[in-house]
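The values are calculated or read from the model by the stated rules, or taken from the named source; none is laboratory data. Keep in mind the model is a prediction, meaning the values are calculated, not measured. Positions of Cβ are generated from backbone atoms using ideal geometry, with glycine treated the same way; all protein chains shown enter the neighbour counts. Note: areas computed on protein heavy atoms with side chains; ligands, DNA, RNA excluded. Shrake-Rupley method; radii C 1.70, N 1.55, O 1.52, S 1.80 Å.
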Amino acid sequence: MNLASRKHMPSVLGHTYTTSYTKRLFTLLALIGLPLISACSHNAIQQSSTPLNTQSVSDETDASNSKIKELLNAEFILQREGPNKAFEPFYELAQQSGDTELIQRLTYIAVVSQNDLNIERSANLWLSEVPTAEAAYALKLQVLTKNNRTEEVTTLLINAIRYKVSLRFLPAYLEDNVRDNDQVSTIEAAIAELPPESKNNQYVQLSQAHILLLSGEYKAAIETAERLLIRVNSEKTEALYLILAFSQKNLGQIDNAVKTLQAAAERFPQNSRILVPLMDFLVDNNQTKSAVDTFQQANLATPEKLQVGINLMRTLLEYEKPQLTINIANDLPKEQLGLSDQIEFLRAIALAQLGKSSQAINVMQKVGGTLRTNATNQIALWLYEQGKEADINTMVLDRTHREDIPEQIAAISQIHEENGNSRLSYELLNEALFLFPESDALRYQKALLADALGQWDVTESELKTLLAKDPENPQYLNALGYTLLVRTQRIDEAMVYIESAYEKADSDPAIIDSLGWVFFLKGELEQSSYYLKKAWSILPDAEIAAHYGESLWKQRHYKEAIEIWKTALESSPDTPLLLDTIKRLSPSLLEESQQDTPS
């Protein structure tokens, strides 16, 4: 199957029943991590109370004391040096004793160590003593699949089936890793190698149905899921209904998908993992009232009610149902458990959709937390729509936390420039630098923007300030060198900065381009073409194409130059430097390009 064509399942499917299973697994591992000293001591007392001969009692007591001492030493290593150091002492004790509790303790240590080899060794030891240990199969599957050991995955599944171990860990692990194509491929290949009787296992078939869905084979996924739903004595999991519903929806069978999820909601009442896609599908199927009714009738705990409501708000906004979005926001529990920023963000978007941009801005002003930057950007866009762009800079500086200033200023500067307001962008950078003069990121942004505005003396001054603090920075060196190269006659001075940058970052295409261009301006054309070709091979950028093409043209390699420019025009037809270069040297190429462009 073509992995590139796989459609990722929505996250709601990725956590259907795996959460509870994974929780059970790690609860077990946590429990088996409890100290074992008391159990060993108790065993020693029981043994010494048995009426044996004196020598036997003495030998057993010595052996037991020795084991206790070794276990204490292993525990000491675990506490002082961590799980990786403690694994070997515990492994030796567990291997010698064959004690299941100690092996489980070892497995816990292996999992905490996050060492695949340790996890596999402990799982193997566990299975050698208890071949029906489901948790051990689950852990070993994880290691084998992550390392693409397909044949061993197949063998592991066959052994689990032979010992009548539930394979529920297989679809659980698949769901947790649907975005890892390599792991999905390994599981798919392992299932393909199973004998026919093993492929009939319900959890193997459930995994196969999920893989078919991921691969876009929706009809086959539907057939497999439907067979499992009517099969007697098979577990009817949430995942099964979700796989069927999403497959139906992807084939355009939205009515069937809704019915499938409604049936699932009856089987799993008040289950948010079913309710979320059900409401999404209802809205998509023009059954918005049913979606809202479903939400209002759901008897969910406050955390789930909030999450399901937020998801419904997003969906309603996507389908431009702003008033219903606001109604849902008003119906949410008053205790919002840290989710108020998400709710108010969506409420503000809904108000904007209703044409109430001033109210939207007032609501969005209250949004903070992780959504603060997004909220600030959105307010800026609305202020542009209202013609109040002059208010943006003050708003940004008032709202933004100190640690977020460089990133936020960069985003707002881009909004200004996209709206043809480079001056406002420059003013914002100046104001921000006045408040945060230590910010190198802001100063570098200002230097580059000053160049674009023709204030080259400011660019030079700011870059020299940056280099005084960080004289080895190749980006600063290159920016200053290139500015001097194209804005002044100080070519030799520019060369010093650019060569210094190249010494520090000889694979950076921007720096290589600068070096090639300085050689061009010095008339060293072969050297120029060498470096410009190298830059072009790393990054086929329009400005590099302009330089490289001109160097070739100067050497009368006209056809090569035109090919370079044609390639660049296809991807970047509006780059000023490229267009200016072609206009000077081969204007007919632009005429041909315009004729070839569909009107």
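Some notes on this structure:
- Test: residue in the stretch 92-109 that is surrounded by fewer than 23 Cβ atoms within 10 Å (Cβ to Cβ), in a helix (DSSP H, G or I) and under 26 Å from the mean Cα position of the chain (by Cα): no
- Among the residues here, N327 does not qualify as surrounded by fewer than 19 Cβ atoms within 10 Å (Cβ to Cβ), over 19 Å from D280 (Cβ atoms) and not charged (D, E, K, R).
- Listed by position, the helices (runs of 4 or more DSSP H) enclosed by the stretch 312-424 that each have at least 1 residues that are more than 30 Å from the chain's Cα centre (by Cα), more than 27 Å from A301 (Cβ to Cβ) and among the aromatic types (F, W, Y) are 372-385.
- Some residue of the stretch 540-555 being in a helix (DSSP H, G or I), within 25 Å of S507 (Cα to Cα) and β-branched (V, I, T): yes
- Residue list for the stretch 253-279, filter: open to solvent by less than 40 Å² (accessible area, probe 1.4 Å), assigned to a helix (DSSP H, G or I), out of contact with any Phe, Trp or Tyr (no Cβ under 8 Å at 6 or more places or on another chain) and without any contact (Cβ under 8 Å) to a residue 60 or more places away in the chain: A265, S272, L278
- Where a residue in the stretch 205-222 is part of a helix (DSSP H, G or I) and its partner, wherever it lies, is open to solvent by 20 Å² or more (accessible area, probe 1.4 Å) and among the aliphatic types (A, V, I, L, M), with Cβ under 6 Å and at least six apart: L212/A220; Y218/L251
- Contact map, the stretch 510-526: first residue in contact (Cβ under 8 Å) with a residue 24 or more places away in the chain, second residue open to solvent by 30 Å² or more (accessible area, probe 1.4 Å), Cβ cut-off under 6 Å, separation 6 or more or different chains; pairs are I511/Y502; I512/Y531; I512/K534; S514/Y482; G516/Y531; L521/I491; L525/K554; L525/Q555.
- Candidate set: the stretch 234-252, residues that are assigned to a loop (DSSP other than H, G, I, E, B) and either β-branched (V, I, T) or on the phi > 0 side of the Ramachandran plot (or both); chosen: the one modelled with the highest pLDDT: G252
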